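*Asks:* Take a look at this one; I'll ask things after.
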Amino acid sequence: MKLQRSRIAALFATGAALVGAALLQAPAQALPQAPQAPQAEQAVLATTFEDNFDGPAGQAPDSNKWRYDIGGSGWGNAERQYYTNSTRNSAKDGAGNLVITARKESGGFQCHYGTCEYTSARLLTAQTFSQTYGRFEARIKIPGTQGVWPAFWMMGQGGNWPNNGEIDILENIGREPTTVHGTIHGPGYSGAEGIGAAYQSPNGVPFRNDFHTYRVDWSPNVITWYVDGVQYQRRTPADLGGDQWVFDRPHFMIMNVAVGGYWPGYPDGTTVMPQQMLVDYVRVSTLDSSGGNGQITGLAGKCLDVAGANSADGTTVQLYDCNGTAAQSWSRPGDGTIRALGKCLDVANAGTADGTRVQIATCNGNTAQQWSYANNDIVNRGKCLDVTGNNSANATPTQIWTCGGGANQKWTIT
């Protein structure tokens, strides 16, 4: 399927605050993969976000976890709904579910085309929670009628779409009752070039008939999609045809029900309203991708080392002869961090300039502690972990620097 779709800037209205722009983009180009052997699943380490939507019927979702997009701009896809923060459009049902309801309206809101014909809700965690890597899952009963478009997806923090990435965990359109989609978007593969795949109901029963669990497992350089525990797609940088893999930074979650748009088409005489998406739970966990603690070796075979085995915040991370001590024992728990002595590998003052010092600091979830590892490069926000001056002497400090492929930027994690 090839659709010419545009993405425009939009603002999230989250209470009184405004945050960066993000719009859902359909899997305009689903690239089939050769049959894949299911990959061994990684162990879950810890739950970092969970909402089971317990509470009385009519109660709004937890504002400490979820905020709202509000408006009827069309959201870059000429959608017809006005997103509200009203409990008419998103509320608990008293049975442990959040219900997002798309309704036909006779007035009350203005949309890009005039008086809005529909209302719905779009909830997000941009101001409350984001994470790099891990398991992101939700148990959902989707709606289904012509012109309705339910989704559970993620956007990279910062609002710079598509450069910060988009991971679509679940999308469905009403005219495809037995098909769901998973897709990624980034620079060079956004809009009509999004890379994804479809999953067909194994028994031919429409997905709207029951709850299903939709999930991605996301690790450095690999994203894997599942429905009800069945793996149906796995993407790596090799799938991008040389374009940049941008899935190495925190993403936040979004769930919504759109009405109309270029991809699903528009309601017609067969459309039944209202339509409801029921969400039983949303859960995020860290994954064990480390295989335990080990050394990180670099220039001249020497080890990445915490100076003086000192666990204080701000202690320099340096190059030193490998000695098997705890100061050289590093773990990667699957959340994008690299850890030793109970602290995280950290770029001082969250700097991004060449030559910014690398240290250890209390783990805090910010981007200065998010690292990816590929091709023997350890990378933070596009800069490589670097041995200062290409000097292999003991106690040479490390820094971040523009990646150049030199031996002083090459590391082996064991």
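The values are calculated or read from the model by the stated rules, or taken from the named source; none is laboratory data. None of the values given here were measured: they were computed from a predicted structure. Positions of Cβ are backbone-derived with ideal geometry, glycine not excepted, and every protein chain shown enters the neighbour counts.
*Asks:* When you scan region 148-197, how many residues do you find that are closer than 17 Å to THR236 by Cα and polar (S, T, N, Q)?
*Replies:* Qualifying residue count, region 148-197: 4.
*Asks:* Within region 279-294, restricting attention to residues that are crowded, with 19+ Cβ neighbours inside 10 Å and either at pLDDT below 95 or of a type in the set (S, T, N, Q) (or both), which residue is nearest to PHE53 (Cα to Cα)?
*Replies:* By that ranking, first place goes to VAL284.
*Asks:* Still on this structure, please answer the following. Six or more apart or on different chains, Cβ atoms under 6 Å: show the pairs whose first residue is in region 76-88 and of a type in the set (Asp, Glu) and whose second is assigned to a loop (DSSP other than H, G, I, E, B).
*Replies:* Once the first residue is of a type in the set (Asp, Glu) and sits in region 76-88, its partners that are assigned to a loop (DSSP other than H, G, I, E, B) give GLU79/GLY260; GLU79/GLY261.
*Asks:* Evaluate the following for ASP239: is it surrounded by fewer than 16 Cβ atoms within 10 Å (Cβ to Cβ), modelled with pLDDT of 95 or more and out of contact with any helix residue (DSSP H, G or I) (no Cβ under 7 Å at 6 or more places or on another chain)?
*Replies:* When the stated conditions are applied, ASP239 does not pass them.
*Asks:* Continuing with the same structure: Kindly provide the set of residues from region 335-352 that are surrounded by 15 or more Cβ atoms within 10 Å (Cβ to Cβ) and either in the same structural domain as THR132 (by TED's automatic domain parsing) or part of a loop (DSSP other than H, G, I, E, B) (or both), ordered by number.
*Replies:* ASP335, GLY336, THR337, ILE338, LEU341, GLY351
*Asks:* Still on this structure, please answer the following. GLY269: surrounded by fewer than 17 Cβ atoms within 10 Å (Cβ to Cβ), in the same structural domain as PHE129 (by TED's automatic domain parsing) and either modelled with pLDDT of 95 or more or farther than 27 Å from GLN157 by Cβ (or both), yes or no?
*Replies:* yes
*Asks:* Go over the candidates GLY196, GLY204 one by one and state the one that is more than 13 Å from ILE254 (Cβ to Cβ), assigned to a loop (DSSP other than H, G, I, E, B) and either not hydrophobic (A, V, I, L, M, F, W, C) or not assigned by TED's automatic domain parsing to the domain that holds VAL246 (or both).
*Replies:* Residue meeting the stated conditions: GLY204.
*Asks:* Output the number of residues of region 268-284 satisfying the condition of being outside any strand (DSSP E or B) and either under 30 Å from the mean Cα position of the chain (by Cα) or of a type in the set (A, V, I, L, M, F, W, C) (or both).
*Replies:* Here the count works out to 3.
*Asks:* So, one more: Within region 65-87, how many residues are closer than 30 Å to VAL222 by Cα and of a type outside the set (Ser, Thr, Tyr)?
*Replies:* 7
*Asks:* What pairs come out if I take residues in region 49-64 that are closer than 17 Å to ASN256 by Cβ and in the same structural domain as PHE252 (by TED's automatic domain parsing) and pair them with residues that are among the polar types (S, T, N, Q) and not in a loop (DSSP other than H, G, I, E, B) whose C-beta lies under 8 Å away, six or more apart or interchain?
*Replies:* ALA60/SER90; PRO61/SER90
*Asks:* Then there's this: On the given criteria, is LYS383 within 20 Å of PRO220 (Cβ to Cβ) and over 22 Å from the mean Cα position of the chain (by Cα)?
*Replies:* No.
*Asks:* Would you mind stating whether GLY204 is closer than 27 Å to THR101 by Cα and surrounded by fewer than 22 Cβ atoms within 10 Å (Cβ to Cβ)?
*Replies:* So GLY204 fits the description; yes.
*Asks:* Which residues, counting only those in region 197-224, are under 15 Å from the mean Cα position of the chain (by Cα) and either modelled with pLDDT of 95 or more or on the phi < 0 side of the Ramachandran plot (or both)?
*Replies:* The answer is TYR214, ARG215, VAL216, ASP217, TRP218, SER219, PRO220, VAL222, ILE223, THR224.
*Asks:* Further, regarding this structure: Residues of region 177-192 being surrounded by fewer than 17 Cβ atoms within 10 Å (Cβ to Cβ), out of contact with any Pro (no Cβ under 7 Å at 6 or more places or on another chain) and not aliphatic (A, V, I, L, M), which ones?
*Replies:* Scanning region 177-192 gives THR179, GLY188.
*Asks:* Here's a follow-up. Report the residue count in region 386-401 for those that are under 18 Å from THR352 (Cβ atoms) and free of Cβ contacts under 8 Å to residues at least 40 places away in the same chain.
*Replies:* 2
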